[in-house]
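What follows is a single structure, written as structure tokens, with notes after it.
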Amino acid sequence: MAIRAVRGFKDILPEETGLWRRIETLAQGVFNSFGLKEIRIPILEKTEVFSRGIGEHTDIVEKEMYTFSDRKGASLSLRPEATAGLLRAVNEHKLYAKSPVLKLFTMGPMFRHERPQKGRLRQFYQIDVELLGTKAPLSDVEVIWMAWDIIRQLGLMDLRLEINSLGCPKCRPRYRDDLRTYLKGVFQDLCPDCQRRCNTNPLRVFDCKEKSCKKIMEKAPLIRQYLCPECADHLSKVLDFLEVLDIPFVINPYLVRGLDYYVRTTFEIVSPDLGAQSTVAAGGRYDGLLKDLGGPDLPGVGMAIGVDRLLLLLKRDEEAPSIDLFVAALGPMARKKVIPWMGILRRNGVRVQMSYEDKGLKSQLKQANRLGAHYVIILGEDEIAREKVIVRNMSTHDQQEVSISSIILALETFI
RNA sequence: GUGGGCGUGGCUCAACGGUUAGAGCGUCGGGUUGUGGCCCCGAAGGCUGUGGGUUCGAUUCCCAUCGCUCACCCCA
């Protein structure tokens, strides 16, 4: 039985890495234009970073983390998301002291022990952005803007931005209480799933697919009616800016994030073509988080793009891995002659390959063709005797002889 | 954690319970002893996921197990 990769962990094969690179390069370009700096952080943290950051009673922390003890008994976890660890780093190095507003991005693998399905792996990749040190609505908008730009520039048009405000510690508790009261009143009429949700995550009841539950929830109180003046004002400013930017959005009053730290703005960018896991990017504001992690009371807003999901939406452009030149050497003499030439050409950026085996000309040309070589040079005993090399253009079938002494020069003009 | 679907050469898939498990693509070789793609011919490559059971006989039916996958849940 051959060894397989761990469940939920995937190899990214050579045919896909080009696309990955394209996404990462594009994102870096966008971040650069927005003035962000890159930060690279460990994938392993003390478990505490996540339990305090994400929330002790979230699904992520309670049942999805890869947690284990190291040899000295310390509890460590593979990061299930980037924000908590990133803020730990900001705090540890007091990065906030250097400038009033910190704009950071990072990218890499995250780990959650969930049942794998389409768009959901146990090791998955995120591109993550965090803006720290400002409460301004425009910073929320910039975060959304970056996500939107990256996704649009990849050619994806069929996307929806959903946005909501979760209020703040001032106004949310009152809403939560009223919602609980309402749910208690209709508890008998809810489906079993929702009855369970009433205790674990009341806001999720809004997401239920059952018709009866949906009907009941139409009359439920909405957070929007409970927002304090500051939160309401914040939301309306965010929406205004989105309109100025011509980024279409729908307000989704049921939009909830699974992480405890979110306040005010939350958003998701969803695609209709992804199946059940339709969120391509998501984020929101988390003003109290840095303080909860033992740092100063700095506000922040951030987002993460699910790279694997983005990839599912992009067409595989299987561009032929073409090369510039294939060197067909016939016989040991010719090989020895030709190898130094390849060195010179490669140092000049020419993509050159040759056969590792001693093969016939036909087979070598076949290989050249398969590799998509634009030119082939042919060198055999005959040519060596005449001090000549054959240069063949694979698309026009033309070939001509060039003297050995001027071959490099000649090739550089060809290619 | 719960449920559905599916496991056959490298890939995509055939085979009413019945001879030696096939095809296309890909790979390699030949047709052209030194000239690619197209065409023609040929070859290699399978413990039919694994273990049990039913049967004269199982790729096919049943059970278990493992794996993949989709959905629930949850989330990027």
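The values are calculated or read from the model by the stated rules, or taken from the named source; none is laboratory data. These numbers come from a predicted model, not from an experiment. Positions of Cβ are generated from backbone atoms using ideal geometry, with glycine treated the same way; all protein chains shown enter the neighbour counts. Accessible surface is based on the protein model in full, side chains and every heavy atom, while ligands, DNA and RNA are left aside. Shrake-Rupley method; radii C 1.70, N 1.55, O 1.52, S 1.80 Å.
Farther than 28 Å from A:L242 by Cβ and not basic (K, R), is that true of A:S212?
Answer is yes for this residue.
Take region A:248-282 and flag every residue that is in contact with an Asp or Glu (Cβ under 6 Å, 6 or more places away or on another chain) and either near RNA strand B (Cβ under 9 Å from one of its atoms) or of a type in the set (V, I, T) (or both).
Passing the criteria: A:V250, A:V263, A:T265, A:E268, A:T279, A:A282.
Among A:G372, A:G331, A:G343, A:G380, which is the only one that is open to solvent by 10 Å² or more (accessible area, probe 1.4 Å), within 24 Å of A:L409 (Cβ to Cβ) and either within 9 Å of RNA strand B (Cβ to nearest atom) or in the same structural domain as A:D398 (by TED's automatic domain parsing) (or both)?
Sole residue among the options that is open to solvent by 10 Å² or more (accessible area, probe 1.4 Å), within 24 Å of A:L409 (Cβ to Cβ) and either within 9 Å of RNA strand B (Cβ to nearest atom) or in the same structural domain as A:D398 (by TED's automatic domain parsing) (or both): A:G343.
Can you pull out the residues in region A:389-400 that are near RNA strand B (Cβ under 9 Å from one of its atoms), more than 12 Å from A:L330 (Cβ to Cβ) and in contact with a Leu (Cβ under 9 Å, 6 or more places away or on another chain)?
Passing the criteria: A:R392, A:M394.
Taking only pairs six or more apart or across chains, which ones have beta-carbon atoms under 8 Å, a first residue in region A:27-52 that is basic (K, R), and a second residue that is assigned to a strand (DSSP E or B)?
Listed by first residue and then by second, the contacts come to A:K37/A:K103; A:K37/A:L104; A:K37/A:F105; A:R40/A:T106; A:R40/A:G108; A:K46/A:S75; A:K46/A:L76; A:K46/A:S77.
Could you tell me which of the residues A:D324, A:D297 is loosely packed, with under 13 Cβ neighbours inside 10 Å, in contact with a helix residue (DSSP H, G or I) (Cβ under 9 Å, 6 or more places away or on another chain) and not hydrophobic (A, V, I, L, M, F, W, C)?
The conditions single out A:D297.
Enumerate the helices (runs of 4 or more DSSP H) found wholly within region A:153-268, keeping only those where 3 or more residues are assigned by TED's automatic domain parsing to the domain that holds A:V143 and within 32 Å of the chain's Cα centre (by Cα).
A:229-244
Filter region A:110-153 down to residues that are under 26 Å from A:K94 (Cα atoms) and within 10 Å of RNA strand B (Cβ to nearest atom) and give me whichever is surrounded by the fewest Cβ atoms within 10 Å (Cβ to Cβ).
The selected residue is A:M110.
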